[in-house]
Structure formats: structure tokens, C-alpha cells
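Notes follow once the structure below has been shown.
The values are calculated or read from the model by the stated rules, or taken from the named source; none is laboratory data. The structure presented is a predicted model; accordingly, all values stated were derived computationally and were not measured. All Cβ positions, even for glycine, are placed from backbone atoms using ideal geometry, and neighbour counts span all protein chains on display.
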Amino acid sequence: MRELNHALSASKSRGPTFFCVGSNHRTAGISTRESFYLTPVEINQALQDASQRFKLDELAILSTCNRCEIFGVADGPEKLTPEYLYSMYRHVHMSARDQKAFTSESLSQSLYILTGLDAVRHTFQVAASLDSLVPGETQITGQFKDAINLAKNAGTLGSMLIRLSQEALGTAKKIRSNTEIGRHRVSIAHAAIDLARRASEDLASLKFLILGAGEMARVAAEYASSHRPKELIIANRTSSRAFELCQHLGYGESHGLENLQNLIARADVVITATTAASFIIRQQDIANAAKGRGDGPLFLIDIALPRNIEPEISNIDDVYLFDIDDLRDVVESHIEKRRESLAAAADIVSSSVTNFEQWLYSKDFSPIMSATSQYFMDLCKREAEKTLAKDIFSELSQRQHEAINAMLEAISSKMTSDVAQTLKKLPESEARQLADALETIYKRD
Amino acid sequence: MVDLAAFMLASGLLVLGFKSKKSNLLGTRVGYALFAIGTLCATVHALLLGNSAVLLAAALAWGTVISWFVWQVELVGAFTAPVIAVILVSGIFFSAGGHGAAFTESQPAIKLHVATAILGQSFAILACGLSLLFLWLDRKLKTRQLGALPEKFPAISTLSRALAGTLWIGFIFITLSLLSGSLFALLGLIPAGTNMAPKVSWAILVWVWYLAILVLRGVLGYRPHKVARMSLVGFFLMAFSWFGLIFWAPWGSA
């Protein structure tokens, strides 16, 4: 994305022009991104200030840990100079936080500027998570929706941005359905549950024991419960936290760590994610638990750091132990698979951009097409009334009158349609010349 | 010969599919199709010719197809397809050397005995294939080579369940073949002058071995990977009775 810095693509259209100015994980380091980050309250204030100061009706801000972008619609491409957009970016952050470190020079190092269809394409890519650190992650789509809602609340969301966001979210959905970009899980906790498929393809047939009630344990428990396993046991040193997690899930049973061996004996898959400083499952625990188990395999997946499970346990027959490094390799391979899907996703984005361009185009010409259609309709109606009033048509029945009027309406529609088709087929400059001519002829008011 | 060609081609494609990490390769699908064609051809071939090698090949092919549908362990075909091809090749040589069993010309009682023995052998071979898959997966999981596992490789409990199932089915057929052989010997239906001692001894040894596996698993709770190793030994005992003793039996291994 760095090569996009200052890549102000000249838009040929005279009408409303999309723009995007921002920074992301590729163009700015973490400390810079921290200084760019805006909270929802700050965004609300910044949107109202910037829309007034820069006289923009449509404006939105997307701020996440990996990017902070302002996107909006300007009257035309002329004023979208780098200086103007840097100034807007600086103003947004200064009005929100009174930061003074945003000089044009420092901003030019970190920001990219996109206008016209480049901005549209970029928006689609961002919403579909093609521009994310981990392609295909779903969080960004939700954050994009939040950004649109914030703009709506701040009163800076208009018809153009609404349409842009609808197309962007539609494209994201299409990419998720038609490519494998979101198929392979890329978080350690998700990968831990997916690894259990090596124990049994049907996760609903397994009994899960999750040790811990922190963030990793919560994500793992949520993903496990989504498969409705045979049993889901959550155990934590403070059993009340395990209970809270079970309540949050609406599934599973909670325990303390006192009867750990009995709990292990019940499980097919044990996932440990506690903050314990030493091993909480030792070889002897598994040996004792094995006496009460059937002949199925026991998967022990240790996603804690420091580790919760004694490594020597892997020497026990039919017990399979994995730690966070093993899962990291799996996650890396999943990210690689997602990257392989980027080309197919890019094709979908291109197709959506083309559709959006056609919509913009038809939106540009819709006033003149409406006037042309009205002119043809009026002309036909007027001439029909004049002609049918003559004596030679006095004996025509009501049905014959209606048939003639219907024929004239059809001619009028066909002529309008021919003009619209011609406008679509012509290069933009010629189409605009024709539109000007039509305006001169038919738009009399 | 069509069946042999189909299984040889299927062997190559399924082994390649086994090595590949992606499961939806066209080659693997063609391999399954060739396996199905080979199974039908081998069945027709077995019914027309009655050679014990072709019968065994057809039984093993059907056993493989059944395991696909019952336990969803398609990859076992990567092991059985080459074995079937080897059995079909061995059938050509035994026929040429005059050792082929004229199954179709046998008495009905002998046919029943031969059929149960061959079905028992085919499931023992299948169990061997499943054991190899199980031990391979066990090794990869133990050494945490998760990246080396094909995406659609069966889960370890699926393989364990399929192994237990094939061992039971194989054991039932081996038992039936022993019982029917003993009964027909008592009734004097075995051709006169046949030297049965080595064959019966090996058959009993194989039967005892498989009984031991099932008892150790069911009663003493032997873990699946030990069962897998024992079924490999059972396969070699069975293979010796097939390839080693065939020269002593005038109607083949059955």
C-alpha cells in the first residue's frame, strides 16, 4: 500500500467523487497507529467538525488497531489535493485530541490517498478483509459497519456513502461465500478446537474439557459450544468464573480444579488456557485418569504460556499432546491458504467496482434521462390527442383508443431506452456531449 | 486384464492422493472411479473364472468399498488397490502353473468353505491397511507433524472404529471357514489324498491370533495402537498361509 502514497488518481467524472485518506499496518508503525487511533466518541466529534469545516456532506471514519481511514464524498476531484486531505486528517485528529505532532511531512510518510474508483475499490477490499493483516478475518467487517453507524449518528452519512457501504458489505459477503478466504481459522483458540477433528471428524460427538476462564479459554469455549459437543466442561481455579463463562455460553458445566483427574477421565479433548505458573496436568494425572477412560484417544491441547501440561505426557499411548507452537504452525499454514484465495477475491472486488461504476454512471445521467422520457411521453400524448380528435377517428371504440395510446407509450419507452443504451455504450466524454445535447433539446424547464 | 489395469492405475492415483494434502484432486476422484470399475470387473472375472486369487481380489475390493460407506475411510483404498493388483498378478501366475483353484467346478460345500475363508482373508487384509493408516496417523500426531497430514485424512477414532469392525467381521468369517472345513472333512467331502496338516495348523494359528487380539482389546482394554500392531502380525500370518501354503494345497489357499 505504501506505493499508493500520494497516488492521487485523477478522476474524470465531474460529479461527486469518493476519496479515502488513511494509514494502515503497512504504512505506519504501531506507535504511529496508536497516535492515529480514535475512539467512537472522538470519531463522532471529529466527523461533525470536519464536515462543517471542509463543507462535506458525507464523511465516515474507520478506526481500528490496524488502520485509521477517513472516507467520504467531495463535490468533484479538483479540491482533493494531498494538502487538502492531509489537512483534513490533521484536523480530525487535532479536534479530537489536540495533538500537534501531525505535520504534513510526517503525515505524508504514513498516509495513502485514494480518489474515485480507487477509493471505491479500496473500501471494498477493506470491508472484505482483503487489506487486513490476516486476510479473511471477520472483525473488520463488523468494524466497518460500526464506522457507518457512527457516521449516521453524526449526521454525515448520505445516499452515496450508504450505497458504497451496502455494496462493500455485499461484496464482503460474496467473497466469504464464494472463496476459501474465511474457511481456515487463524486464531490459536480456534485452531485448538479444529485440531480436535483429528480425534473425531464430528465435534458434536466429543467431550471437551477447557481449563481456564480467560480470553483464550472464552474464545475456545465459544467456538466449541457452537458445535454443540457431547459435553463441555469448563474448569477454573476460581470456579465462579467458570460458572460465569458457562452462563455466558448458555451451555456446559462449570467446575473448580479440585477433581481434575475425574474431569480428564470424562474428556476426549482437554484444552488448557490458564495463567498458572507451573504445570497443572502431570503424567501421573493422565495415568490415573486413563484408568477411568474408554479406549478412545485423548487430545491434550496446551494453549497457555507458560505451559500447563507436562511435556513427558506425550509418551503415554493414545495420548496426543500439542502446545502453542504446534498450533502456530497450523495457523501460519491457514493464513497462507487464505492468501492463496486473494486472487479469486480480487476478481469479485473488480466485478463489484464495475457494477458500482455503472450505478454511478446511471446516477449521473438519471436527471436527463428522466427529462427525455417525460418529453417523449408528453409528445406522444399531445399528438395522439390532437390526431384522435379529428372526425375520421370519431367512430373508434374505447378499446381502439386504448390500443393506440398503448402503442404510442411503447414507442416512447423504446425511444427512451435506445437513448439510455447509447449513453451507456459511448465513452464517457462522448456520452457527456450527448447528455448535454439532450439537455438542451428536451429539458426545457 | 481390465480389472488388473484398473487397479494398477487406481493404485498410482490413490497413493498420489494419499500423499497430497488436498483431498479434492481430480486424480483421486479418477482413482476412486477406476477402483469401482476394477471392483465390478474383478467380480465378473471371479464369477466366470473362479480362480481363488481373483475371488480374493474381488472380496477385498468389495470390503474396501464397504469400509468407504460404513466408516468413511476412503484412503484405505490407497493401501488395498496395490494389494489387489498384486493378488491379481499372482492369480495369473498360479493359473499358468496349474495351481489355480477351480472354484466354479467345486462342490457346493467346498464353495461355501472357500468363500468364507476368502472373505476372512480379505477383511484381514483390510484390517492391515487400516492398521497402517492408524499407525501412520498416530506417528504424525505423536511427533506433532500436523502440517504433514492430508486435510481429509480420517480421524484417529474413525480409524480405530473401522479397524475394530474389520477385525470382528474377518474373525467371524475365519471362524466359519474353520468350522465348515472341519465339518466337511468329517463328512468326507475333502478330496482324498489332500495333505491338510500344514494348512489346518496355520489356519488355527491365524484364528487364535485374531481371537487373542479381540480378547485383549475387549477384555483387557488393549489400546488401539497395540491392536493395530497385532493386526499387522495377523496379516503376515495370513499372507504366509496364502502364499506359503498354496503350493501344498491342490485347490489353492482356500
Original post:
Based on what the data block shows, is residue A:338 under 30 Å from the mean Cα position of the chain (by Cα) and surrounded by 16 or more Cβ atoms within 10 Å (Cβ to Cβ)?
Top reply: yes
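For the range B:41-61, give me the residue count where each residue is of a type outside the set (Gly, Ala, Ser), crowded, with 16+ Cβ neighbours inside 10 Å and either modelled with pLDDT of 80 or more or outside any loop (DSSP other than H, G, I, E, B) (or both).
Adding up the residues that qualify gives 8.
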Original post:
Can you find even one residue in the range A:276-299 that is crowded, with 19+ Cβ neighbours inside 10 Å, within 15 Å of residue A:189 (Cβ to Cβ) and within 11 Å of chain B (Cβ to nearest Cβ)?
Top reply: yes
Subject >> Residue match in the range A:338-349 (condition: among the small types (Gly, Ala, Ser), touching a strand residue (DSSP E or B) at 6+ places or on another chain (Cβ under 9 Å) and more than 14 Å from chain B (Cβ to nearest Cβ)) >> reply: no
Original post:
On the given criteria, is residue B:7 under 21 Å from the mean Cα position of the chain (by Cα), modelled with pLDDT under 85, closer than 24 Å to residue B:92 by Cα and assigned to a helix (DSSP H, G or I)?
Top reply: yes
**OP:** Filter the range B:109-156 down to residues that are under 21 Å from the mean Cα position of the chain (by Cα) and among the hydroxyl-bearing types (Ser, Thr, Tyr) and give me whichever is farthest from the other protein chains (Cβ to nearest Cβ).
**Re:** B:116
Subject >> Subset of the range A:158-208 [part of a loop (DSSP other than H, G, I, E, B), among the hydroxyl-bearing types (Ser, Thr, Tyr) and within 23 Å of residue A:355 (Cα to Cα)] >> reply: A:179
Original post:
Picking from A:317, A:326, which residue would you name as being closer than 23 Å to residue A:197 by Cα, within 13 Å of another protein chain (Cβ to nearest Cβ), surrounded by fewer than 16 Cβ atoms within 10 Å (Cβ to Cβ) and charged (D, E, K, R)?
Top reply: A:317
Original post:
List, please: which pairs have Cβ atoms under 6 Å, are six or more places apart or on different chains, and start with a residue in the range A:332-345 that is outside any helix (DSSP H, G or I) and end with one that is surrounded by 13 or more Cβ atoms within 10 Å (Cβ to Cβ) and not hydroxyl-bearing (Ser, Thr, Tyr)?
Top reply: A:341/A:180; A:341/A:181
Original post:
If a residue has to be at the interface with chain A (Cβ under 9 Å from one of its Cβ atoms) and either part of a helix (DSSP H, G or I) or among the charged types (D, E, K, R) (or both) to count, how many in the range B:212-226 make the cut?
Top reply: 5
Original post:
What number of residues within the range A:37-57 are more than 23 Å from the chain's Cα centre (by Cα) and of a type outside the set (Asp, Glu)?
Top reply: 9
**OP:** Please verify whether the range A:74-88 includes one or more residues that are buried (at least 17 other Cβ atoms within 10 Å of the Cβ), at pLDDT below 85 and part of a helix (DSSP H, G or I).
**Re:** no
Subject >> Hey, residue B:25 over 19 Å from residue B:163 (Cα atoms), over 14 Å from the mean Cα position of the chain (by Cα) and modelled with pLDDT of 85 or more or not >> reply: no
**OP:** For the range A:125-135, state whether one or more residues are part of a helix (DSSP H, G or I), of a type outside the set (A, V, I, L, M) and at pLDDT 90 or above.
**Re:** yes
Original post:
Out of the residues in the range A:369-398 that are more than 28 Å from residue A:437 (Cβ to Cβ) and among the aliphatic types (A, V, I, L, M), which is surrounded by the most Cβ atoms within 10 Å (Cβ to Cβ)?
Top reply: A:388
